[in-house]
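A quick write-up on the structure given underneath.
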Amino acid sequence: MPEQVRSTPESRPRRSRLPAWLVLLRPRQWVKNVFVLIVPLVVDPIALWQNGLVALSTTATFVAASSAVYVLNDWLDRDKDRLHPDKRYRPVASGRVSPLGAALLGVACVAVLLGCGAMLPPPVQATVAGYLVLNLAYCLKLKHYPLIDVSVVAAGFVLRAVAGCLAVAAPFNPALILCVYFTCLLMSLGKRRHELAGVRSLAVAQRPALTGYSVPLLDQLVAVLLAATLLSYEMFVLSGPEPQSAVLAVVTVPFVVFALCRYAYLLAAQRGGEPGQDVLTDVPLVVNAVVWLACLALGRVL
């Protein structure tokens, strides 16, 4: 059996004050489900306002679905996690939540998922079901294959965006969906780069798909996706029916450029390891996102 890697007091993650069962649901990751609301907001803010209850129910459904996936993933990886200096403190790996307790918590998440999903239109229900099937395949097999692993993660965000538009009957914009896909693929590859830049042997043991990656390859892919994200965003803004679409593209593109450059900086500074946490904790990114969304939403309404 591989020797367990010891962590130093400085590198040891801080123990969360939340109950262990709640930590297992990864509430910090729930911010990812905001894509259900963001995409309709930038496409049709009025439709989002008029159908706010359905949009919130869709968001809650994805929170329950993603939490169930996190529980399953930690339950399956509990033995591997015990060999990792940080992940061994996860609730199941550390023993704070028993495997049976984790299974029961997963069942509870599914119950909440079914309750919230019952209030949604059939197309949204089908999208949520597709998200669950895709992530089940990811947990069981797909996460072990290079490039497929990050593509599945990015596809999960696309399904959130599509579900949000379907829930509020917002127009479907292919350029925006592509922008969401490229952005999430960029951040997923950035996370892989962060993992490889650490202790490679440990990272590969924890995530076998990393054997197919290298830092130079990931740097090239990140560069391509930075350009693809910017181009798809410009296509989205310019495709709007509003007469001021060209002005809106000029006004808002500096925010997108700053966000992409800021993320590239975080990667270079080895601070881009967890995209969900980065978005919440990096003040320049948060302020930039709030101002950008406000400008874009006002441009769609006025």
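The values are calculated or read from the model by the stated rules, or taken from the named source; none is laboratory data. Bear in mind the structure is a predicted one, so any value in this text is a computation, not a measurement. We place every Cβ from the backbone using ideal geometry, glycine too, and count neighbours over all the protein chains shown. The area values use the complete protein model at the heavy-atom level, side chains included, leaving out ligands, DNA and RNA. Shrake-Rupley method; radii C 1.70, N 1.55, O 1.52, S 1.80 Å.
Worth a mention:
- The residues of region 209-228 that are closer than 18 Å to VAL153 by Cβ and not in a helix (DSSP H, G or I) amount to a single one, TYR213.
- PRO123 satisfies every condition listed in (1) farther than 24 Å from ALA169 by Cα; (2) touching a helix residue (DSSP H, G or I) at 6+ places or on another chain (Cβ under 8 Å); (3) surrounded by fewer than 16 Cβ atoms within 10 Å (Cβ to Cβ); (4) not aliphatic (A, V, I, L, M) except (1).
- When restricted to residues that are modelled with pLDDT under 85 and among the small types (Gly, Ala, Ser), region 169-211 contains 6.
- Only one entry in ASP149, ASP74, ASP79 is among the acidic types (Asp, Glu), surrounded by fewer than 19 Cβ atoms within 10 Å (Cβ to Cβ) and farther than 27 Å from ASP44 by Cβ, namely ASP79.
- When region 211-251 is limited to residues that are open to solvent by 50 Å² or more (accessible area, probe 1.4 Å) and touching a residue at least 60 places away in the same chain (Cβ under 8 Å), the one that is nearest to PHE182 (Cα to Cα) turns out to be MET235.
- Test: residue in region 130-140 that is surrounded by 16 or more Cβ atoms within 10 Å (Cβ to Cβ) and either outside any helix (DSSP H, G or I) or β-branched (Val, Ile, Thr) (or both): no
- Unmet requirement for PRO91, which otherwise passes all of (1) open to solvent by less than 20 Å² (accessible area, probe 1.4 Å); (2) within 30 Å of VAL180 (Cα to Cα); (3) not hydrophobic (A, V, I, L, M, F, W, C): (2)
- Residue match in region 172-186 (condition: surrounded by fewer than 16 Cβ atoms within 10 Å (Cβ to Cβ) and more than 19 Å from the chain's Cα centre (by Cα)): yes
- Scanning region 32-63 for residues that are more than 30 Å from GLY106 (Cα to Cα), of a type outside the set (S, T, N, Q) and surrounded by fewer than 18 Cβ atoms within 10 Å (Cβ to Cβ) yields ILE46, TRP49.
- Number of residues in region 95-114 that are in a helix (DSSP H, G or I) and either in contact (Cβ under 8 Å) with a residue 24 or more places away in the chain or open to solvent by less than 30 Å² (accessible area, probe 1.4 Å) (or both): the value is 10.
Table: residues versus (1) assigned to a helix (DSSP H, G or I); (2) modelled with pLDDT under 85; (3) among the charged types (D, E, K, R); (4) touching a Pro at 6+ places or on another chain (Cβ under 8 Å).
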{"site": "PRO2", "(1), (2), (3), (4)": "no, yes, no, no"}
{"site": "THR8", "(1), (2), (3), (4)": "no, yes, no, no"}
{"site": "TRP21", "(1), (2), (3), (4)": "yes, no, no, yes"}
{"site": "SER67", "(1), (2), (3), (4)": "yes, no, no, no"}
{"site": "VAL71", "(1), (2), (3), (4)": "yes, no, no, no"}
{"site": "PRO85", "(1), (2), (3), (4)": "no, yes, no, no"}
